[in-house]
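Enquirer: The structure is given below, and queries will be raised subsequently.
The values are calculated or read from the model by the stated rules, or taken from the named source; none is laboratory data. Note that the coordinates shown come from a computational prediction; the quantities given were computed from them, not determined experimentally. Cβ: placed from backbone, ideal geometry, glycine included. Neighbour counts: every protein chain shown. Side chains are part of the model used for accessible areas, which takes the heavy atoms of the whole protein and leaves out ligands, DNA and RNA. Shrake-Rupley method; radii C 1.70, N 1.55, O 1.52, S 1.80 Å.
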Amino acid sequence: MRIFLHELDDLSVTLTRVSFFLHTTLLWTTEAFPAQSVVMASPRLISSAPGDDVVLRCHLEPPVDIQALTVEWSKPDLRPDPSDPLRRVQYVHVHRNGGEVTDMKLRSYAGRTELLTEQLRHGNVSLKILNVTLADAARYRCFIPKLKSAVREATVQLVVDPNYIGEPTEPQLSPRDSQTPDPDENLDPTAGRPGRSHVIPAVIFSVAVILGFGIGCFLKHNNHRQTTSTTPG
């Protein structure tokens, strides 16, 4: 009976050590690898009439404060001006260092775009376009270059119809449809960090292996001790 109780004590110590290791590892994983925020556009299609004010809605999910990051709104299908020898890229709106950068702005949007700067701390990077024209009908891209995520951009399609009557429409799409990573975009692999969804299974597998190894060693040691105790001296 005394030997049996001693064996239970050994098993209890082993399980306690493994439980402590599991708790510490999962706690470190949660702190070291927080869930990534991705750029999402919802809805991705907005219909309006000339003269309307529209909001191209874009946000980060889960929300994070991005006041210190650069936000770029552009028309990805617009080619650089061929008359420009430097073929510089021009933007609909660029927010950097707490304000708008106007030297790279398309002239047709001068004085007509607003970023909801007070919402940047909540991950809201929506763009407001005032007095839309037929020429504004296009695909718009919201891009956050230095966001530590594998999904740093999303697109919104703006339709401007002279026969449209009513408020600018915003058809609701599922969150899955609102994520719009461009498959042709070469993202920097160092920009993002592995999310918990990838790390935690690996940690659990490692702990399971360690636990199995520990129990196996305990059983082997216990079997060896029983064999030794039954062997005649």
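Enquirer: Each residue of region 103-115 in order: what ³J(HN,Hα) in whole Hz does its phi give by Karplus 6.51 cos²θ - 1.76 cosθ + 1.60, θ = phi - 60°, with x for Gly and Pro?
Expert: Ordered by residue, 3J(HN,Hα) equals 6, 10, 8, 5, 4, 5, 9, 4, x, 10, 10, 9, 9 Hz.
Enquirer: Can you tell me what percent of all Cα-Cα pairs in region 38-160 are more than 22 Å apart?
Expert: 31
Enquirer: Provide the net charge surrounding Ser108, with neighbours chosen by a C-beta distance below 11 Å and charges set as Lys +1, Arg +1, Asp -1, Glu -1.
Expert: +3
Enquirer: Ignoring ligands and nucleic acids, what accessible area does Asp103 show with a 1.4 Å probe (Å², nearest 10)?
Expert: 130
Enquirer: Under 5 Å between amide hydrogens, which residues at least 5 positions from Leu45 or on another chain qualify, with H placed 1.01 Å from N in the peptide plane?
Expert: The list, which skips near neighbours in sequence, is Gln157.
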